[in-house]
Every structure is written in C-alpha cells, then in structure tokens.
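Visitor: I'd like to ask you about the structure that follows.
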Amino acid sequence: MRTRKPLRPAAVLKNLTALFLAVLFVFPVYWMFSSSLKPQHEILTKDPVFVFSPTFENYTTATGVDLFWTYVGNSLVVTVGAVLLALVTALAASFALARMKFKGRKGIVLVVMMAQMAPWEVMVIAMYMIARDSDLLNSIPLLTLIYFVMVLPFTVWTLRGFIAAVPMELEEAAQIDGCTRGQAFRKVIFPLLAPGLMSTSLFGFITAWNEFAMILMLNKEKESQTLTLWLTQFQTAFGSDWGATMAASTLFALPVLIVFLFLQRKAVGGMTAGAVKG
C-alpha cells in the first residue's frame, strides 16, 4: 500500500489561504442570496440571522414592478447586439493586425490599447450632447452602438493575441491544399479561436450587462431603460426595500452566471497542441 506523504507547512498555509480567500469572495454572494429569501424583519435585525424560513415574497415584489419584462428585453437586446457586433468587427480587425503587414499597424495597436485603458465615464456628457442634437435620446439602437464601441477595443486586443498564437504553418498548409486566404481563415483558424471567442464574449457580456452611467444619462423614459436602472426602483423617500433589492440583485446576476457556466464549459484551450510537427 502506498503511504501518504505528510503535508508540508508551506502547503498547509497555501491551502488555508486559498480557503480564506474563497470564503471572503463567496460570502457576499451568499449573503445577497440568503437575504433575498428572508422576511423583511429578519433582514433589518441587529444580529445577523443565519437560520430562517425562506420566502419568495421578495422575488414577487421585485418582478412585479411595471415594465419588468420590458427591462429584461432591452437588456438582452443591447447586450447581445453589442457583443455580436464586437465579435464580427474584431475578427476582421484582429486578423489584419496579427497576420498582415502594413504601414501604421503598430500605431493602430497602440490606439486600441489606449481606447481600452480610457474610462468611458468621461465621455458621458459628450455622448449625451451628440444623442440630444441627433434626436437619439431614449434610443435602444444608439445604446447598443455605444456598448459595442465600449467592448470593441478589448475584443480586438484579445483576439489579436489568439490569432497570433495560431501557427502560420497551419494556414500555409491549407493554402497549399488549394484554399484561398479567406477559406484558410474560415476552415482552419476560426475553429481554433473558440477559447478567445468565448473569453471575449464573456467579458463583453459582463461589461454591457452591468453598464449604468450611459443608460442613466441617455435613456430617461422607462420604456427604453434596462435592468441596471430597475435595480434602483426599490429605494424610495420612505426607505429601502432591502429584501426586494437583494432579490433583484440575485436575478440580475443570474444571466451572467449562466453565460459564464455555458462559455466556460465550451472554452477548451490547447486545441492546437501537437497540430504542427517539427
């Protein structure tokens, strides 16, 4: 029988540190979810309540507000639309930056990096003035376009790295077999970009789904608002409905969790390992 090796103090310390960090990051999520199932009087107690009888009254209150499903539809339209537009545009741009040599290529890469680093909140006033003068306030298409521009730099930068990591020999072998450059990209490179497409889609989805400043300034009419503003409806002059707020926050985080689990399962790395000999 194989004997177990005793754990070294360094390994024990690492495990305890990892456990502590896991609890530290997971506890706020647990508290949000558990609070969404508590009656109001147990949320506002002086001493925290860990054992309680769950109730779905807070979820009924959160989803019972006017235009709830309109907010859901608007959020899905602007988020999915922005991510799809960014992926299509970034695929072409990143391929050109990674594979083609032309004058000004390094300058374009630098501009993409600067655009990614710039805080978009500083553009809120300028965006508002443009939308106002163009009569595009309370416009879902304009909001989709703005979110598309917000997630595009990161998408281009990330996909450029994934395309550059694909060996040139694969593309050259496909061209030798009779493929055009476009066919080589579609049949060889594109299938190998699954990890990059999944990671950039996840980042773009989270960015567009959680964005608050633009929608707050540009879309004042409730029919054109998204779920980020729905979260603010449970705070009134008479106080805050913390149960409904926690229920709404849980529902708001659920699509992001579902997208993450779906994409994380699909994004399998190392697809090119061993594809090229010698």
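Visitor: Any chance you could count how many residues in the stretch 55-68 are open to solvent by 90 Å² or more (accessible area, probe 1.4 Å) and farther than 18 Å from Ala253 by Cβ?
Guide: 3
Visitor: In the stretch 199-235, which residues are outside any helix (DSSP H, G or I) and open to solvent by 40 Å² or more (accessible area, probe 1.4 Å)?
Guide: Result: Phe212, Lys220, Glu221, Gln235.
Visitor: Show me the helices (runs of 4 or more DSSP H) found entirely inside the stretch 23-110 where at least 1 residues are in contact (Cβ under 8 Å) with a residue 12 or more places away in the chain and under 25 Å from the mean Cα position of the chain (by Cα).
Guide: Hits in the stretch 23-110: 57-63, 68-99.
Visitor: Return a yes/no flag: does the stretch 157-177 have any residue that is surrounded by fewer than 16 Cβ atoms within 10 Å (Cβ to Cβ), of a type in the set (Val, Ile, Thr) and either at pLDDT 90 or above or over 23 Å from the mean Cα position of the chain (by Cα) (or both).
Guide: Yes, because at least one residue in the stretch 157-177 is surrounded by fewer than 16 Cβ atoms within 10 Å (Cβ to Cβ), of a type in the set (Val, Ile, Thr) and either at pLDDT 90 or above or over 23 Å from the mean Cα position of the chain (by Cα) (or both).
Visitor: Any idea which residue in the stretch 90-148 is nearest to Leu159 (Cα to Cα), counting only those that are in contact with a helix residue (DSSP H, G or I) (Cβ under 8 Å, 6 or more places away or on another chain) and basic (Lys, Arg)?
Guide: Checking each candidate, the answer is Arg99.
Visitor: Given the criteria touching a residue at least 24 places away in the same chain (Cβ under 8 Å) and either assigned to a helix (DSSP H, G or I) or under 28 Å from Glu172 (Cα atoms) (or both), does Met129 qualify?
Guide: no
Visitor: Does Val72 count as under 30 Å from Val156 (Cβ atoms) and either out of contact with any helix residue (DSSP H, G or I) (no Cβ under 6 Å at 6 or more places or on another chain) or modelled with pLDDT under 90 (or both)?
Guide: Against the criterion (under 30 Å from Val156 (Cβ atoms) and either out of contact with any helix residue (DSSP H, G or I) (no Cβ under 6 Å at 6 or more places or on another chain) or modelled with pLDDT under 90 (or both)), Val72 qualifies.
Visitor: Right, another one. Within the stretch 132-143, which residues are part of a helix (DSSP H, G or I), surrounded by fewer than 20 Cβ atoms within 10 Å (Cβ to Cβ) and touching a residue at least 24 places away in the same chain (Cβ under 8 Å)?
Guide: Hit for the stretch 132-143 is Ile140, nothing else.
The values are calculated or read from the model by the stated rules, or taken from the named source; none is laboratory data. Quick caveat, the model's predicted, so the values are computed rather than measured. All Cβ positions, even for glycine, are placed from backbone atoms using ideal geometry, and neighbour counts span all protein chains on display. Remember, those area values only see protein heavy atoms, side chains included, never the ligands or the DNA or RNA. Shrake-Rupley method; radii C 1.70, N 1.55, O 1.52, S 1.80 Å.
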